[in-house]
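The values are calculated or read from the model by the stated rules, or taken from the named source; none is laboratory data. Predicted model only: the values in this text are computed from it and were never measured. Heads up, the Cβs are rebuilt from the backbone with ideal geometry, glycines too, and the neighbour counts pull from every protein chain shown. What goes into the accessible areas is simple: the full protein's heavy atoms, side chains included, and nothing from ligands, DNA or RNA. Shrake-Rupley method; radii C 1.70, N 1.55, O 1.52, S 1.80 Å.
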Amino acid sequence: VATIALTTTPASKVSDVTEATTYTIKNLTVYAVPNTSLAILGDATGYILYYAKGHGLSVGNTLDVAGPVVDYYGLWEFSGATASNVKTGSTPDYGEPVEATNEFLASFATKPLIKYIHAVGEQSGQDITVGENKLHLSEANSSTDGKTVTVYGFTYGYHSTNQYVQFVATSIAEDPTAPKLSVTPTSKTWASDETDAAVFTVTTNTEGVKDW
């Protein structure tokens, strides 16, 4: 009777992953969680996706992972792998973000990346338009919908059909540099025989000549 031993390729860090085979990587950190089936893991050398339905992981967890790594549309992903030694941790240091320019995001159509980025764009639903490209939020943020936003977070793929970069935000807020105008009071009602003038104060958050 023949016996076949199934082993995993030792890997001390994410950058050791260079082909689709089985690996064991210890002391990984959870950097982001796009959904209940996907997490972005990493170490000082890079990032890797981890796919497991109902994984139960949270940002800051540390863990060991052993099992198959596949090429998932140009990104390395643990799929069918086993997580162990999961421990609670603190929010990781994300480091300096890559500035997500229009040109940078356009490159994802041919070469997707897992990157920590900063972007400024117009939010509409789950999409943030940056130049001619879109970041698609893994989760909607209704408080900033319809506004110019500044976001930080992780890219983790490209949807070729809908032509957007998949993105999970670590922070999102209305862009404080976006021009805004406010009027005080916002309204006034005059009596039919009233002749007094009303004073409205108009303020903006920008200086110089306005284009409104």
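For ILE114, ILE128, give the ranking by accessible area with the largest first, probe 1.4 Å.
Descending accessible area places them as ILE114, ILE128.
Once you sort the root eigenvalues of the Cα gyration tensor of segment 90-181 as a ≥ b ≥ c, which label holds: rounded (a/c under 1.5), prolate (a/b larger than b/c) or oblate (the other case)? Walk me through the intermediate numbers first.
On the way: a/c = 1.57, a/b = 1.20, b/c = 1.30.
Oblate shape, in that a/c is at least 1.5 and b/c is the bigger or equal ratio.
Ignoring everything but the protein chains, give the 1.4 Å probe accessible area of THR129 in square angstrom, nearest 10.
My reading of the accessible area for THR129 is about 50 Å².
Among 89-95, 146-152, what's the highest-first ranking by average C-beta atoms within 10 angstrom per residue?
Packing order, densest peptide first, comes out as 146-152, 89-95.
Which value in nm describes the separation of the simple spin-label points at SER84 and ALA20, placed 7 Å from the Cα toward the beta carbon?
2.6
Expressed as a whole percentage, what fraction of the accessible surface of segment 53-157 belongs to carbon and sulfur atoms when a 1.4 Å probe is rolled over the protein heavy atoms? Could you put the intermediate results ahead of the total?
Working: 2530 of 5370 Å².
Here it works out to 47 percent.
Sorting check: for 58-65, 25-32, which peptide has the highest mean count of neighbouring beta carbons within 10 Å, and how do the rest follow?
Packing order, densest peptide first, comes out as 25-32, 58-65.
How would segment 10-87 be classified by its alpha-carbon gyration tensor: rounded, prolate or oblate, with rounded meaning a/c under 1.5 and the a/b versus b/c comparison settling the rest?
It is rounded, given that a/c, with a ≥ b ≥ c, falls under 1.5.
Can you give the relative contact order of segment 47-121 as a percent, counting alpha carbon pairs under 8 Å and 6+ residues apart?
Values: 99 pairs, mean separation 23.6, N = 75.
Worked out over segment 47-121, it gives 31 percent.
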